[in-house]
Amino acid sequence: MNYTIIIVSFAIVGIVGLICGMGLGVASEKFKVEVDEKELAVREALPGNNCGACGFPGCDGCAHAIAIGEAAVTQCPVGGKPVAQKIADIMGVQAGEAVKKVAMVRCSGTCDKAIKRAKNVGPIDCNQMSVMPGGGDLGCEFGCLGGGSCVKVCEFDAIHVVDGIAVVDKEKCVACGLCVKACPRHIIEMTTYKAKYHVRCMSQEKGKAVKDVCQAGCIGCTLCVKECKFDAIHMNGNVAQIDYEKCVNCGACARKCPVSVIN
């Protein structure tokens, strides 16, 4: 056996390994990315849901934006006030008042009010129903399909289908926005927790056409608009919409609504 060849082989491998190691060490030092200690601390304080409700690609993106001053310490809606206060302490600023938001389903078409034009015996998932001919079994093409696509994506057990339509539990909702993204009919939107009155309809049809398919739809009569003394409700096409920045929760619009769609 030629031990010289073996020794030389080991020596070559060792030298190559040493050179590669030194090269990697130099490269890592030369190209290393400086990490802000505050950014790491902020990231640790965030809940880690990576839901994107903050408007950034996950908690890492949110932490970076807060650390460099491009986002407020209250940016994370899931963490709410406790997380905002922790981040404020890290950043050395005042937390301010974080406005809690919750999801709200803009539909009142329960089983006894919404007209069914057919009996669905196929897919029950909203996304599947929305691509079916006619878009599901509801007479109203703007209403909640009741298939629970929003329920499936909610990690906090905050939304369920009750009597044919999705209903949000305000106390459990953390405003992650996943249900908003999941709804194929785009009838779930974010609103402030303190808001007491909502127009639970998205139909753009006019009076009779609305009544033909749902007994709880907005008929576009504009009585609520005329009744509001705070300029807090206007028509968006044929459906009323509340401006929550102006709304004082007086309830005048709800009392005037002839179909009780504001509730």
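The values are calculated or read from the model by the stated rules, or taken from the named source; none is laboratory data. Nothing here was measured: the structure is a model prediction, and the numbers come from that model. Every residue, glycine among them, receives a Cβ derived from its backbone with ideal geometry; neighbour counts consider all protein chains shown. Quick note on the areas: whole protein, heavy atoms, side chains included, nothing else; ligands and nucleic acids left out. Shrake-Rupley method; radii C 1.70, N 1.55, O 1.52, S 1.80 Å.
Points worth noting:
- Dimensions in Å of the range 52-94 - Rg and Dmax from alpha carbons: 9.3, 25
- Per residue accessible area in Å² of the chain, where ligands, DNA and RNA are left out and the probe is 1.4 Å: 58 Å²
- The share of accessible area on the range 128-182 that comes from carbon and sulfur is 58 percent, using a 1.4 angstrom probe.
- Structural size metrics of the range 166-263, computed from C-alpha coordinates, are Rg and Dmax of 13.7, 38 Å.
- Of 38/172; 100/170; 181/211, pairs whose Cα-Cα distance is over 21 Å: 38/172; 181/211
- Size of electric dipole in the chain: Cβ of Lys, Arg +1 and of Asp, Glu -1, about Cα centre, debye, nearest 20: 1180 debye
- Compactness relative to 2.2 N^0.38 Å, alpha carbon Rg of the range 112-232: 1.13
- Panel values: the chain, Kirkwood radius from alpha carbon pairs, Stokes-Einstein at 25 °C and 0.890 mPa s, translational diffusion coefficient 111 µm²/s.
- Ignoring aspartates and glutamates fewer than eight residues from residue 81 along the same chain, the ones with Cα atoms less than 13 angstrom from its Cα are 89, 97.
- Straight Cα distances below 29 angstrom link residue 208 to the lysines 113, 116, 119, 196, 226, 229, 256, with same-chain residues fewer than 8 positions distant left out.
- Here is how the number arises for the chain: DSSP H runs of 4 or more residues each give -39500 (n - 2.57), the sum is divided by the residue count, and the result at 222 nm is -10000 deg cm²/dmol.
- Simple label model, 7 Å out from Cα along Cβ direction - residue 249 to residue 38, nm: 3.5 nm
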